[in-house]
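The next block holds one structure in the form of structure tokens; read it before the comments.
The values are calculated or read from the model by the stated rules, or taken from the named source; none is laboratory data. Remember, it's a predicted structure, so these values are computed and weren't measured experimentally. Cβ sites come from the backbone with ideal geometry, for glycine too, and all protein chains shown count toward neighbours.
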Amino acid sequence: MIGIFGGTFDPVHSGHTHAALSVASELGLSSIRMLLSARPGHRMPSQTSKEHRWKMLQLACAEHSSLIADDRELNRPGTSYSFDTLAAIAADKSAAGEDSSAPVWILGHDSYVTLTSWYRWNEITNLCNLVVLDRPGQMTAEEPNLVNFFARRRCEKIDHSKVGQMLRLLLPMSEVSATFIRRQLSLGQSVSDLLAPKVNQYIEQHQLYTTTESIV
Ligand code: ATP
């Protein structure tokens, strides 16, 4: 079973790695692909180049044997649509004759509430099962389209032989966000406890996030 955790990772932080490892342990996934959303279609372009974000993601994943940095969106020209990525993963799995279990796409609740703005959003679950990480205290309202679409797809346990299910998980999450990290760094504050040591070093070496331009 493949777990996929996508993000702009600007920069990748302990909240991301902790979330991915927690889902892997909860669902018994042997590995999670940490997929760099190189050119996201549904949010503002990142301030930091995709090359820097990719390098930091590789450094963070190198610390955990079950996290695999995935550059398929980096290498594909044009906007990084999740639907296209999942279609490519399905094609690769079938060409390689790999097991037919459905990929598990992992999303934080803040990303889940934006889903209806994603390219071909209502076809994404034709290609995978969704896991949504609920974060009490940080939950934004879900629009009716999203609620209606997933009402029939919600499950208590994923059957990995099928696609089209949505599981909500309530696991302890860390409260950090990349926005907070960018803000702290632009103010000259240390965030070393929220980053992998090598990611912290990389940021210092390349003087990333030193201006207020890179906050949002
Ligand atoms: P930003 O503050 O720039 O929006 P972010 O920290 O939310 O960044 P992203 O790269 O945008 O990070 O998010 C990638 C995925 O990680 C999303 O599904 C998001 O919901 C999830 N995520 C981000 N921070 C956490 C966290 N602390 N705990 C669990 N999931 C998280």
Across (1) within 14 Å of the ligand (Cβ to nearest atom); (2) of a type in the set (Asp, Glu); (3) outside any helix (DSSP H, G or I); (4) modelled with pLDDT of 95 or more, GLU175 clears everything bar (4)
In the list SER49, SER25, SER30, which residue meets the criterion of being of a type in the set (S, T, N, Q), surrounded by fewer than 17 Cβ atoms within 10 Å (Cβ to Cβ) and over 19 Å from SER101 (Cβ atoms)?
SER49
Hits in the stretch 117-152 - residues which are of a type in the set (D, E, K, R), in a loop (DSSP other than H, G, I, E, B) and on the phi < 0 side of the Ramachandran plot
ASP134, ARG135, GLU142, GLU143, ARG152
Yes or no: the stretch 154-169 includes at least one residue that is within 12 Å of the ligand (Cβ to nearest atom) and either out of contact with any helix residue (DSSP H, G or I) (no Cβ under 8 Å at 6 or more places or on another chain) or among the polar types (S, T, N, Q) (or both).
no
Only one of (1) in a loop (DSSP other than H, G, I, E, B); (2) under 25 Å from PRO40 (Cα atoms); (3) without any contact (Cβ under 8 Å) to a residue 40 or more places away in the chain does not apply to VAL163, and that is (3)
Would you say ARG153 is surrounded by fewer than 18 Cβ atoms within 10 Å (Cβ to Cβ) and closer than 26 Å to ILE2 by Cα?
yes
Quick one: how many residues across the stretch 96-116 are away from the ligand (no atom under 14 Å from the Cβ) and outside any loop (DSSP other than H, G, I, E, B)?
1
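Residue-by-condition table, conditions (1) within 17 Å of ALA178 (Cβ to Cβ); (2) within 13 Å of the ligand (Cβ to nearest atom); (3) modelled with pLDDT under 90:
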position	(1), (2), (3)
HIS16	yes, yes, no
MET44	yes, yes, yes
LYS55	yes, no, no
LEU59	yes, no, no
ASN75	no, no, yes
GLY78	no, no, yes
LEU86	no, no, no
Could you give every pair whose Cβ atoms fall below 9 Å, whose first residue belongs to the stretch 121-145 and is over 23 Å from THR85 (Cβ atoms), and whose second residue is within 15 Å of the ligand (Cβ to nearest atom) and charged (D, E, K, R), counting only separations of at least 6 or pairs across chains?
ASP134/ARG168; ARG135/ASP110; ARG135/GLU175; GLY137/GLU175; GLN138/ASP110; GLN138/GLU175; MET139/ASP110; THR140/ASP110
Any strands (runs of 3 or more DSSP E) falling wholly within the stretch 1-73 and containing at least 2 residues that are touching a helix residue (DSSP H, G or I) at 6+ places or on another chain (Cβ under 8 Å) and closer than 21 Å to VAL163 by Cβ:
3-7, 32-36
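So if I check each of LEU127, LEU185, which one is aliphatic (A, V, I, L, M) and under 20 Å from the mean Cα position of the chain (by Cα)?
LEU127
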